[in-house]
1. Out of B:Thr156, B:Thr145, I need the residue that is buried (at least 17 other Cβ atoms within 10 Å of the Cβ), among the hydroxyl-bearing types (Ser, Thr, Tyr) and modelled with pLDDT under 90. Which one?
2. With respect to A:Gly192, is the statement that it is over 21 Å from B:Glu327 (Cα atoms) and open to solvent by less than 80 Å² (accessible area, probe 1.4 Å) true?
3. Filter the range B:304-332 down to the residues that are farther than 30 Å from B:Ile184 by Cβ, open to solvent by less than 60 Å² (accessible area, probe 1.4 Å) and either more than 8 Å from chain A (Cβ to nearest Cβ) or β-branched (Val, Ile, Thr) (or both) and list them by number.
4. If a residue has to be aliphatic (A, V, I, L, M), away from every other protein chain (no Cβ under 12 Å) and open to solvent by less than 10 Å² (accessible area, probe 1.4 Å) to count, how many in the range B:246-268 make the cut?
5. Is there any pair with a first residue in the range B:264-282 that is modelled with pLDDT of 90 or more and a second that is of a type in the set (D, E, K, R) and surrounded by 24 or more Cβ atoms within 10 Å (Cβ to Cβ) whose Cβ atoms are under 9 Å apart and which are 6 or more apart or on different chains, and what are they?
6. Counting residues that are modelled with pLDDT under 85, within 16 Å of the chain's Cα centre (by Cα) and on the phi < 0 side of the Ramachandran plot, which helices (runs of 4 or more DSSP H) fully inside the range A:1-64 reach at least 1?
7. Taking the conditions exactly as written (β-branched (Val, Ile, Thr) and either more than 8 Å from chain B (Cβ to nearest Cβ) or open to solvent by 10 Å² or more (accessible area, probe 1.4 Å) (or both)), does A:Val255 satisfy them or not?
8. Within the range B:269-282, can one find any residue that is part of a helix (DSSP H, G or I), away from chain A (no Cβ under 14 Å) and surrounded by fewer than 20 Cβ atoms within 10 Å (Cβ to Cβ)?
Amino acid sequence: MNTFKRKLLNWSSFPSLVLIIALSVINSFLIPHFFSMSYISSFLTSYTPLIIVAMAQTFVLLGRGIDLSVGGIISLVNVIVVTLFGQGWSFPSAIAVGILAGIIIGVLNGIVIGFLRVTPLLATLATTSVAAGAALWIMPFPGGSVPIEYVMWYQSNVIGFLPTPLLFIIISILIWFIWKATPAGLQLYSMGRDIQKTYVSGVPVVWIQFYTYVSSGFISAIAAIALTGNTGAGDPLVGNTYTLFAVAAAVIGSVSLMGGSGDIFGAIFGAVFLGLAFSLIYAIQIPSTYQDLTSGVIVLLGIIGASLMKKRKRTFSFKPSHIKPIGGNQP
Amino acid sequence: MSMEMNIEKSAPKPSSTKMIRNKLKPYIPSLSIIVLLLILGQILSPGFASLGNIGTIVSISTVLAIAAIAQTLIIISGNEGIDLSIGAVMSMGALLGAVLSKGMNTEIWYTVLILIGIGIIIGLINGIAIQFINIPPLVMTLGMTSVVNGFALAYTKGLPSGGAPEILVKLGIGHLGPIRWMLILGIVLIIALELVLRKTRYGKTLYLVGSNRMAAIISGISVNKTVLLTYVIASVAGTLGGLVLLGYVGSAQLEMGKDYALLSIAAVVIGGTSLTGGQGTYLGSALGSVVLVLLTSVLVAVGMPPGVRVLLQGLILLLILLIYSREPKLRQ
């Protein structure tokens, strides 16, 4: 029991778990029926895309990369699925093509960053433009629809009591466990900490990088499918905000932006925390024109808070990871 | 003629022409692409290279070049510096400019002062979070984007009011004799920024801070002060750039400057500024701005829908990145 307690306290995702519990207590006072099954199920319906896209971002962040194109991918997959269905395709095949599109953007990211060695930040900024432009090209204005059965299924329960969105989350978590089951899982962490040394020890770092971006593209596409079940329509700009939210959720969940530390559960907790914070904004009825500002400030404070906590921890550790040069403190 | 004289004069020192050639060398790709695009535009859509259209292109380039001030300085400052918030800050500058000035010339100084103040605040928040809390610039400025957009929405209640004061409109689309004010503004900015970067203490410090922070700290340079100042200058350039944008367009809309974040980064990359920091010129970024605006104009002239334009911009940026900024192989 004692070792379990110590393990829990040292778990990188533990602080975000505490944040969730704290915010849940606050929410339970302000939101009626907060702990009811129907509220939890509607919460998952709205915030599953965010939870999943945070996981997608985590793969890339662990390898010391970043994927700014997740928002663009979500928009692209959303409009492809809706447009193809509108043109008479069967819904499953429309979904298949949508997911394929997400994977293709991921492959493009992986090639440009892994094999052609362009900085992740700029490469994914460019592919964001590619994905978002393609989305805008396919569907210049919001519209279209998906089968009502799909929306009903997404917003209901499977096996009686489990909300369907959980299914999407579980699929994404499975991809994480596939990584962990292969050497690639450990190699990913190692690469995030020190790519040079990892390369020298014979790890195919280029391929690992490639797979992280492909995973990110694939999981972002799953997020888009979930989102489509929630909105039931197509919108070429629907993914825009998700890029920031995904990075913020991962950071709040103690996934290091410097690579090599954190895990997917931290990202899930971070996303749930943001979801709770956003539902609080709606619950206390802040005027709609102020909601963007409030959610922006919450996200930013979350990032700053998480970074401050990490900095504090570093100061108290015995190993000085950051040695100041001689004379550095002189006026 | 004067060029020849120069060469003759420096005949004993053959390195002089070489020096001029070396100094011009980084700009030759941009300059030749500009000429090529002008010819291509003229072929695809006659009248493209007319004086009127070139004037328009120069004006929009100046707006982009203002965004590129922020991006160039921040990228030179190193530490993976980048400003994704510049588009949002410019949008907000334009919106607040219209609302605060109520479209009247008399209110312009008051508006400028307030916008400078807001720019300083945004820059300080960005700089402090990046420099003291170690938040990567990318993440911090991405977060700032959503706060600034949210603020603009909340302040205007989603309904931008007011318009551009006459003096701004004059700057945006007016002429001084045959020359557009925007061209003059662009040239003044290039000269001013180049002087600041090359001749002032701040400029020299910036390059050192960007190329080697440890060395800068050891040699007693206040890195924190330089970085903070850089982010403040960037945000002030953003808010004031918003005013210029307002003058050019004539009215303000929400998120009207959104595209400038990506485009300004592309302009800096085309301009040859190294993304690892510590080197680069503003003239390069300004020429890069002209290249990108020309390219967009050509795409518009041949009737590409907006979505395709964004897509092509992305592909072109990818191409530019592949040419200019690949990282060294791990094997080395």
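The values are calculated or read from the model by the stated rules, or taken from the named source; none is laboratory data. Source: prediction; values computed, not measured. Please note: Cβ atoms are built from the backbone with ideal geometry, for glycine as well, and neighbour counts cover all protein chains shown. Only protein heavy atoms, including side chains, enter the accessible area calculation; ligands, DNA and RNA are left aside. Shrake-Rupley method; radii C 1.70, N 1.55, O 1.52, S 1.80 Å.
1. B:Thr156 is the lone residue from the list that is buried (at least 17 other Cβ atoms within 10 Å of the Cβ), among the hydroxyl-bearing types (Ser, Thr, Tyr) and modelled with pLDDT under 90.
2. Numbers: over 21 Å from B:Glu327 (Cα atoms): no; open to solvent by less than 80 Å² (accessible area, probe 1.4 Å): yes.
So A:Gly192 fails the test.
3. Of everything in the range B:304-332, those that are farther than 30 Å from B:Ile184 by Cβ, open to solvent by less than 60 Å² (accessible area, probe 1.4 Å) and either more than 8 Å from chain A (Cβ to nearest Cβ) or β-branched (Val, Ile, Thr) (or both) turn out to be B:Val308, B:Val310.
4. Final tally of qualifying residues: 2.
5. From the range B:264-282, the pairs are B:Ser264/B:Asp83; B:Ile265/B:Asp83.
6. Filter on the range A:1-64 gives A:14-30.
7. Working: β-branched (Val, Ile, Thr): yes; either more than 8 Å from chain B (Cβ to nearest Cβ) or open to solvent by 10 Å² or more (accessible area, probe 1.4 Å) (or both): yes.
Taking the combined requirement at face value, the residue satisfies it.
8. Start the filter on the range B:269-282 by keeping residues that are part of a helix (DSSP H, G or I), which leaves B:269-270, B:282.
This time we only want the ones that are away from chain A (no Cβ under 14 Å), so: B:282.
After this cut, where a residue has to be surrounded by fewer than 20 Cβ atoms within 10 Å (Cβ to Cβ) as well, the list is none.
For the range B:269-282, residues part of a helix (DSSP H, G or I), away from chain A (no Cβ under 14 Å) and surrounded by fewer than 20 Cβ atoms within 10 Å (Cβ to Cβ): absent.
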